[in-house]
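Just below is one structure, and these are the notes that go with it.
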Amino acid sequence: MYISKHREDITRFLENKGGRVAFIPTMGALHDGHVSLVRMAREKVDIVVCSIFVNPTQFDNPEDLENYPRPIADDMAILASEDCDVLYLPSVEDIYPEGQENLQVFDLGYLDEILEGEYRDGHYQGVANVVDRLLNIVDPDFLILGAKDYQQVMVISKMKTDLGHEVEILVAPTMRTRSGLAQSSRNRRLSDKEKHNASAIYRELYRMQNIENRQVPFAEVQRNMVEKLRKAGFGPIDYVALADADTLEILADFDESRKMIILVAAYMGDIRLIDNMLLNPSNPSH
Ligand code: AMP
């Protein structure tokens, strides 16, 4: 596996190598979710490129940035064993040579104002900034993203279209633990008991895939879900929202003629977890 901290090295290496490239941007502390993305890439192309960069501009909370796990030796071993070809490990200066002030402002429309955009000020501007820069450096044919960060996929798709990046986005399904908890780097900071309790999100989301459970108004479902999550030990619940899965337009109530998704963000202790689930993915009209 070729490893470099410098953008010029990465660009030069890939130019010399030739062949189709799939790129997986990550913030490290790799888990089965990341590995599934690497495997999807491996099946698709000759050259698999990963980056590990804890991007400061997408953190609205300095403590979260500081506490973000950085087990770099373990990460490198995982990527090497998954046959990753290139690992880009930039410093903050390599990504933001002109500093972190006065960054480009992206027009993300209402995606920047709802759900994660509402609760994490500037988060998606940071995400769009870093992914734009990474795409310019790696210039991949495929960009592999995880459905766990559903709104992020939509933000990056919009940025890609608006800026004319010629890359195809592939979205990998959410990998979960046996109890259903979505894999996340932040889970490392949960105790075993908290992990167990946190899988309540999955249970609550999963039952909504059954159309029988959607015969009541969404407001009632939302109330019940918040109550169940509280009972399971969740602290503040930022949102339990129903949206159109294609546009992320927030829906007041179920509409079976649309492809729908429920998205959740809630705190277990001081760890903020997000998850989502498509309600009617098998609807033949979609
Ligand atoms: P992160 O390192 O958290 O920035 O995530 C890097 C990429 O991995 C993003 O595209 C995430 O959506 C994806 N990802 C994170 N967790 C999972 C998961 N449990 N299943 C599938 N993909 C994931």
Exercise for the section: Go through (1) touching a Pro at 6+ places or on another chain (Cβ under 6 Å); (2) buried (at least 17 other Cβ atoms within 10 Å of the Cβ); (3) not β-branched (Val, Ile, Thr) and name the single condition Ala243 misses. Expected result: (1)
Exercise for the section: Output the residue which, of all residues in the stretch 35-44 that are crowded, with 19+ Cβ neighbours inside 10 Å and more than 14 Å from the chain's Cα centre (by Cα), is farthest from the ligand (Cβ to nearest atom). Expected result: Ala41
Exercise for the section: Mind listing whichever residues of the stretch 197-241 are more than 17 Å from Asp253 (Cβ to Cβ) and either aliphatic (A, V, I, L, M) or touching a Ser or Thr at 6+ places or on another chain (Cβ under 7 Å) (or both)? Expected result: Ala198, Ser199, Ala200, Ile201, Leu205, Leu229, Ala232, Ile237
Practice task
Could you list, in sequence order, all residues of the stretch 153-210 that are assigned to a loop (DSSP other than H, G, I, E, B) and within 12 Å of the ligand (Cβ to nearest atom)?
Solution key: Pro173, Thr174, Met175, Thr177, Gly180, Leu181, Gln183, Ser184
Practice task
Count, please, the residues in the stretch 5-30 that happen to be under 24 Å from the mean Cα position of the chain (by Cα) and either more than 7 Å from the ligand (Cβ to nearest atom) or hydrophobic (A, V, I, L, M, F, W, C) (or both).
Solution key: 11
Practice task
Give the residue that is nearest to Val153 (Cα to Cα), with candidates limited to residues of the stretch 107-136 that are outside any helix (DSSP H, G or I) and in contact with a helix residue (DSSP H, G or I) (Cβ under 9 Å, 6 or more places away or on another chain).
Solution key: Leu108
Exercise for the section: Please find, among Asp107, Asp85, Asp141, Asp132, the residue that is farther than 27 Å from Asp162 by Cβ and modelled with pLDDT of 95 or more. Expected result: Asp85
Handout entry: Residue that is farthest from Glu93 (Cα to Cα) [pool: residues in the stretch 14-33 that are touching a Phe, Trp or Tyr at 6+ places or on another chain (Cβ under 9 Å), of a type in the set (Gly, Ala, Ser) and not in a strand (DSSP E or B)]
Key = Ala29
Practice task
Mind listing whichever residues of the stretch 34-46 are closer than 23 Å to Asp132 by Cβ and in a helix (DSSP H, G or I)?
Solution key: His34, Leu37, Val38, Met40, Ala41, Lys44
Problem - Qualifying helices (runs of 4 or more DSSP H) (wholly inside the stretch 47-106; at least 1 residues being surrounded by 18 or more Cβ atoms within 10 Å (Cβ to Cβ)) - result: 72-81, 92-95
Exercise for the section: Give just the number: which of (1) of a type in the set (Val, Ile, Thr); (2) touching a helix residue (DSSP H, G or I) at 6+ places or on another chain (Cβ under 8 Å); (3) in contact (Cβ under 8 Å) with a residue 24 or more places away in the chain does Ile72 not satisfy? Expected result: (2)
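The values are calculated or read from the model by the stated rules, or taken from the named source; none is laboratory data. Since the model is a prediction, treat every value here as computed from it, not as a measurement. Here the Cβ is made from the backbone with ideal geometry for all residues, glycine too, and neighbour counts use every protein chain on show.
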